[in-house]
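Notes to accompany the following structure.
The values are calculated or read from the model by the stated rules, or taken from the named source; none is laboratory data. In this text, all values refer to a predicted model and were calculated from it rather than measured experimentally. All Cβ positions, even for glycine, are placed from backbone atoms using ideal geometry, and neighbour counts span all protein chains on display.
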Amino acid sequence: MNNAIEVTNLKYTYPDGKEALRGISFTVGEGECVGLVGPNGSGKSTLLLHLNGILPDSIEGSNAVTIHGNLLSEGNISSIRREVGLLFQDPDDQLFCPTVYEDVAFGPQQFGFPENQVRATVAHALSLAGLSGFEKRSPHHLSIGEKRRVCLAGVLACEPKVLALDEPTSNLDPRGKRSLHEILQSLPVTKLIATHDLEMVVELCARTIVLDNGMIVADGPTSELLGNEELMLKHGLEKPHILRHRHPH
């Protein structure tokens, strides 16, 4: 299996001096779906922002992130941004057009898709996200769950090969969560999902990486790691209910 993501000794310190990432290394195989869990402030969002070059402010010389065999650099940042679709934690950071159609079409237009392809791509992305018929709606009048799905449609419209998702189910009601689980399950791309929704990780991700204090403290099969109560409690997490009734072998 080829690696879709390779991260090698990634370090990052915010301008205020907070060390967010302290030498992180891992790989994600093509088509793999990996959960990224850890307490607040563990570095999950910071890590995702490195995967398509939003951080660091200057990429030259960082040599830490490789996507499908291409080292992320100033020279190839636009092609890597097209390959790695990033869903932000707050949908309002991602929505800025007057209509849903324009928001979802923004990425493909930036990438220079011809207009007929933009239309087809937007229609397909909206149907994947369960939002067909929302084209003329204003994103700002939608529920948080609908906003999040518009953001996801906007990411999918760029046809990325890798999805980096930051808390995709936060603030969703059970039905919203269920439909998002189904959407994500149906997408055959590589996925790295940073989340506190451990039930979703158990359902979607065969493998999980546990991050704490800017370091990887565990990386392995989801049911093994998330079922390890001691490990979970030590890193500010709880064993998910879905695993509580499963007996260890």
Checklist line | Selection count where residues are in contact with a Ser or Thr (Cβ under 8 Å, 6 or more places away or on another chain) and not small (Gly, Ala, Ser), scope region 51-64 | finding: 5
Check: Can we say residue 30 is surrounded by fewer than 16 Cβ atoms within 10 Å (Cβ to Cβ), within 29 Å of residue 185 (Cβ to Cβ) and among the charged types (D, E, K, R)?
Finding: yes
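Condition check ((1) surrounded by fewer than 21 Cβ atoms within 10 Å (Cβ to Cβ); (2) touching a Cys at 6+ places or on another chain (Cβ under 7 Å); (3) of a type in the set (S, T, N, Q); (4) part of a loop (DSSP other than H, G, I, E, B)) across all residues:
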| position | (1), (2), (3), (4) |
| --- | --- |
| 36 | no, no, no, no |
| 41 | yes, no, no, yes |
| 47 | no, no, no, no |
| 58 | yes, no, yes, yes |
| 62 | yes, no, yes, yes |
| 66 | yes, no, yes, no |
| 75 | yes, no, no, no |
| 78 | yes, no, yes, no |
Checklist line | Filter result (more than 21 Å from the chain's Cα centre (by Cα) and either of a type in the set (Asp, Glu) or surrounded by fewer than 18 Cβ atoms within 10 Å (Cβ to Cβ) (or both)) within region 124-144 | finding: 132, 133, 135, 136, 137, 138, 140, 141
Next item on the list: Go through (1) without any contact (Cβ under 8 Å) to a residue 40 or more places away in the chain; (2) over 20 Å from residue 179 (Cα atoms); (3) assigned to a loop (DSSP other than H, G, I, E, B) and name the single condition residue 132 misses.
Entry: (2)
Margin query: Taking the conditions exactly as written (in a strand (DSSP E or B) and either at pLDDT 95 or above or within 23 Å of residue 192 (Cβ to Cβ) (or both)), does residue 85 satisfy them or not?
Written below: yes
Checklist line | Qualifying positions in region 7-50 - closer than 14 Å to residue 164 by Cβ and of a type outside the set (A, V, I, L, M, F, W, C) | finding: 32, 35, 43, 44, 45, 46, 50
Item checked: Residue that is nearest to the chain's Cα centre (by Cα) [pool: residues in region 100-123 that are β-branched (Val, Ile, Thr) and under 22 Å from residue 180 (Cβ atoms)] -> 104
Check: So which of 208, 169, 195 is crowded, with 17+ Cβ neighbours inside 10 Å, at pLDDT below 95, touching a helix residue (DSSP H, G or I) at 6+ places or on another chain (Cβ under 8 Å) and among the hydroxyl-bearing types (Ser, Thr, Tyr)?
Finding: 169
Next item on the list: Could you identify the single residue in 31, 17 that is part of a loop (DSSP other than H, G, I, E, B), within 20 Å of the chain's Cα centre (by Cα), on the phi > 0 side of the Ramachandran plot and not hydroxyl-bearing (Ser, Thr, Tyr)?
Entry: 31
